[in-house]
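Written out below as structure tokens is the structure these notes cover.
The values are calculated or read from the model by the stated rules, or taken from the named source; none is laboratory data. Please read these numbers as outputs of a predicted model, since none were measured by experiment. Cβ: placed from backbone, ideal geometry, glycine included. Neighbour counts: every protein chain shown. Note: areas computed on protein heavy atoms with side chains; ligands, DNA, RNA excluded. Shrake-Rupley method; radii C 1.70, N 1.55, O 1.52, S 1.80 Å.
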Amino acid sequence: MGMMQQHRLIDEHKRKGTADSLKINIIPRVTQPAGREESDKMEAVKRRGKLSGGPGLPSDKEKPQGRGQVAVADTRSGRLLAGLRGSAAARRAGSRRHGPPAAPWLAALAVLALALLLPALLTWRAAAPATPPDPAAAQAAEPGPRDARPAAPPAPPADVALADGVPVRVHLTRTGKIETVPLEQYVTGVLAAEMPADFELAALKAQAIAARTYIVRRLAMDETGDMAGKAADVNDTTAHQAYLSRVVLMTWPKQGKAAQLAKLQEAVRQTEGIVMTFRGQPITAAFFSSSGGHTENSEEYWSLKVPYLRSVASPWDAEVHPESKETIEMPLAQLYRKLGQPIPKTVQSAIAAFAQGEGGKEFKLKADKLFQTLSWTTGRRVKEFRIGDKTYSGRELREKLELRSSQFTLALDGDKVKITTYGYGHGVGMSQWGANGMARQGFTTTQILKHYYTGIDFGQASSFLEKI
């Protein structure tokens with residue numbers, strides 16, 4: 001997916017300890033605390049299979065209160081009692097159907113016959129089998145070793161079972177192997193790679209939904225063409241979504257990270273099966289590490305205008321991410337080499353003068369004319385920038401100069417250029433640090449996602465994956 005190839009949070013982990021970019025077990029539904037509006041709406045999503053209008057997601061702090069129990073009654077004794085009562089009623093009804101009195105000797109004979117037959121009749125009826133009980137009820141009531149085992153959990157809803165049952169094939173680039181995992185395990189692996197576990201739970205849940213939406217769209221829309229010949233749906237890099245394998249996650253408890261893993265799994269569990277939709281289809285859930293105060297319109301970084309990827313304010317990033325601003329220095333000669341431009345003669349002369357300690361005010365005045373910002377995007381990023389005789393887009397300069405974002409300024413310092421960047425990543429979609437800042441201020445997962453993705457709704461992954 002070309003436009004999804006971007007620097008994300010995992011890259012920043014490698015450079016600055018932050019990020020940039022776009023369980024497995026099926027857990028039965030649990031009873032949530034009463035009176036929590038978002039929890040009720042979450043359950044409504046799973047029951048209906050689709051949301052319209054984007055109801056809320058579960059409360060970020062809610063905890064399961066235990067699984068529901070289904071009591072099965074054994075009705076055999078009741079049926080036997082009903083049979084005996086029916087027999088007595090039939091005998092009483094039969095006695096009322098006799099005709100006019102017969103001769104005394106006939107009456108005596110009848111009494112004698114009844115006295116002889118009644119014990120036999122009662123013995124036969126007591127021995128007769130009652131109506132066969134329901135096999136399921138009989139099995140539930142039957143004592144023995146089965147009672148010593150825990151009761152089997154109720155079967156998960158069909159939609160969740162389907163979603164979790166769809167395999168995701170991940171190409172592990174370091175080993176070249178293909179790891180096939182259920183959907184929710186894949187989401188857990190992405191969450192572990194893309195966002196720090198110490199982020200707020202609401203932010204982790206938002207990231208889990210974004211990661212799930214990305215892979216569901218990729219599978220449902222058959223957007224896996226770039227993996228042709230590898231027998232995989234995605235790889236484990238930021239070309240798609242960063243991903244930690246199941247084997248790696250299994251080592252976390254031994255590394256003292258059991259609590260972090262449990263927190264990530266809880267975020268996935270609380271959002272199980274939920275995806276973002278727009279006009280009935282899963283969205284392109286772009287996300288990135290941090291902004292410089294605003295996100296970007298999709299068409300101002302990529303070529304396609306996407307109605308739900310609109311520029312919005314994101315003031316929370318700077319509040320919670322002190323390293324969102326970075327300044328680097330680069331020799332002028334290196335700048336031109338990276339851009340593939342020949343070094344102008346005036347710049348060559350100036351560089352030589354500075355090398356000999358002869359640089360001065362005259363060069364500075366001329367050098368200020370080398371760089372010029374021509375225009376800005378809606379998201380306050382560089383749209384067009386001139387260096388020498390050539391004009392570049394902000395994205396081009398970001399990629400060629402390997403900058404953290406396309407929101408930057410350039411200044412000269414002798415024979416060097418100082419480049420200051422704001423934020424990290426392409427700037428389209430959800431800011432991960434912004435989401436964490438919102439969560440710290442009490443915003444819910446629903447509010448976070450609806451802020452960064454304009455006009456979206458929520459639906460169930462199974463409604464799209466069952467068509468595959």
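For segment 154-286, take every pair of Cα atoms, bin their distances at 5 Å starting from 0, and report each bin as a whole percent.
With a bin width of 5 Å, the distribution comes to 2, 10, 21, 24, 21, 14, 6, 2, 0.
Calculate what fraction, in whole %, of the accessible area of segment 183-323 sits on carbon and sulfur atoms when a 1.4 Å probe is rolled over the protein chains.
About 54 percent, which is the carbon plus sulfur part of the accessible surface.
Given a 1.4 angstrom probe, what's the average accessible area per residue across segment 161-282, in square angstrom?
36
How would L264, L172 rank on accessible area, largest to smallest, probe 1.4 Å?
L172, L264
Please name which of P322, G273, S298 has its Cα lying farthest along the dipole of segment 264-323 towards the positive end, using unit charges on Cβ (Lys, Arg +1; Asp, Glu -1) and the Cα centre as origin.
My answer, from the dipole projection, is G273.
What's the center-to-center distance, using Cα atoms, between segment 295-341 and segment 222-254 in Å?
26
Taking a quarter of the surface of the Cα convex hull of segment 287-331, what do you get in nm²?
Averaging across all directions leaves 4.4 nm² for the Cα convex hull.
For an R0 of 25 angstrom, estimate the FRET efficiency from the Cβ-Cβ distance between A353 and T327 and round to the nearest 0.05.
On the way: r = 25 Å, r/R0 = 0.99.
After rounding, the FRET efficiency stands at 0.50.
Ignoring any ligand, DNA or RNA, what whole percent of the accessible area of segment 403-468 comes from carbon and sulfur when the probe is 1.4 angstrom?
Carbon and sulfur: 46 percent of the exposed surface of segment 403-468.
Leaving out ligands and nucleic acids, note down the accessible area per residue over segment 362-468 with a 1.4 angstrom probe, in whole Å².
41
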